[in-house]
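The values are calculated or read from the model by the stated rules, or taken from the named source; none is laboratory data. Predicted model only: the values in this text are computed from it and were never measured. Here Cβ is always computed from backbone atoms with ideal geometry, including for glycine, and neighbour counts include all displayed protein chains.
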Amino acid sequence: MRTFILRARKSVTKPFDIDDLSSAGNMQVVASCIGNALWVSNNVRSDTVVHVVLEGPPTPPLTVTFYGAAIKDLPFDERGIAFFVNKAIKKSIKMGDSKEVSPGVMVSRKSFEEVVKAHTETSAVFYLHPKGKDVRSVEFTEDVTFVFGDYIGMPEKSESFLDKLGAERVTLGPVVLFASQCVTIVQNELDRRK
């Protein structure tokens, strides 16, 4: 299983206008990462899970999870994917710990740390970082988890947390890329090793 954990530090945790994604804490970045992680030509990757930890106002954290093997009717475009995220946010109001939004989409109150820690028990965890080991020299197991930040990046405290958990830092090359581009490159690297 391939898992991606995106920490979206400014993306809102309240319903937003899907016609103005930038005002929702750059929700277009979130939607683009989800789409690039899950979509291939005319199909959704059944071997991929994407967790997006929303940490913007007013009630963070909120984690929206997309399961490629179970999702139905996922749109290609950012606006359409943002609709699913918005639906998850709306369903989270007066929610307990977690709730199913639609087939293959869940929402929970799990924090970034909780989501990452849960994956250290079942897979190798890699932190996408400009000063990590070159991805092309890393050997991956079948179950892998990639942790990355949005356009803001990861706070030092979180980097220390990832280091303590044993997450290996991995770089995708000499140029810092958009988060959504990183997802595509990671998927391509893993596809090439099948």
query: Name the pairs whose Cβ atoms lie under 7 Å apart, with the first residue in segment 136-152 and assigned by TED's automatic domain parsing to the domain that holds Y67 and aliphatic (A, V, I, L, M), the second buried (at least 18 other Cβ atoms within 10 Å of the Cβ) and assigned to a strand (DSSP E or B), and 6 or more positions between them or separate chains?
result: none
- prompt: Would you pick out the residues in segment 55-74 that are in a strand (DSSP E or B) and under 11 Å from K110 (Cβ atoms)?
  reply: L62, T63, V64, T65
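For segment 16-54, how many residues meet the condition of being farther than 18 Å from F83 by Cβ, part of a loop (DSSP other than H, G, I, E, B) and without any contact (Cβ under 8 Å) to a residue 24 or more places away in the chain?
First, the residues of segment 16-54 that are farther than 18 Å from F83 by Cβ: 40-43, 45-49, 51, 53.
From the residues that got through so far, the ones that are part of a loop (DSSP other than H, G, I, E, B) too are 41-42, 45-47.
Narrowing further to those that are without any contact (Cβ under 8 Å) to a residue 24 or more places away in the chain: 41-42, 46.
The number of residues fulfilling the criteria is 3.
So which residues in segment 150-194 are part of a loop (DSSP other than H, G, I, E, B) and basic (K, R), if there are any at all? Break it down stepwise before answering.
Here is the first cut: in segment 150-194, the ones part of a loop (DSSP other than H, G, I, E, B) are 150-155, 166-167, 172-178, 193-194.
Selection gives R193, K194.
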- line: Given (1) part of a loop (DSSP other than H, G, I, E, B); (2) over 14 Å from the mean Cα position of the chain (by Cα); (3) of a type outside the set (F, W, Y), S11 misses just (2)
- prompt: Out of segment 43-76, which residues are touching a helix residue (DSSP H, G or I) at 6+ places or on another chain (Cβ under 8 Å), closer than 17 Å to D143 by Cβ and of a type outside the set (G, A, S)?
  reply: R45, T48, V50, H51
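Looking at the structure I just gave you, is F4 under 21 Å from C182 (Cα atoms) and in a strand (DSSP E or B)? Walk me through it before giving the result.
Details: under 21 Å from C182 (Cα atoms): yes; in a strand (DSSP E or B): yes.
Spelling it out, F4 is indeed under 21 Å from C182 (Cα atoms) and in a strand (DSSP E or B).
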query: Just a yes or no: is a residue in segment 49-65 modelled with pLDDT of 95 or more and in contact with a His (Cβ under 7 Å, 6 or more places away or on another chain)?
result: yes
message: Kindly evaluate F76 against the criterion of being in contact (Cβ under 8 Å) with a residue 40 or more places away in the chain, over 15 Å from V101 (Cα atoms) and surrounded by fewer than 23 Cβ atoms within 10 Å (Cβ to Cβ).
response: yes
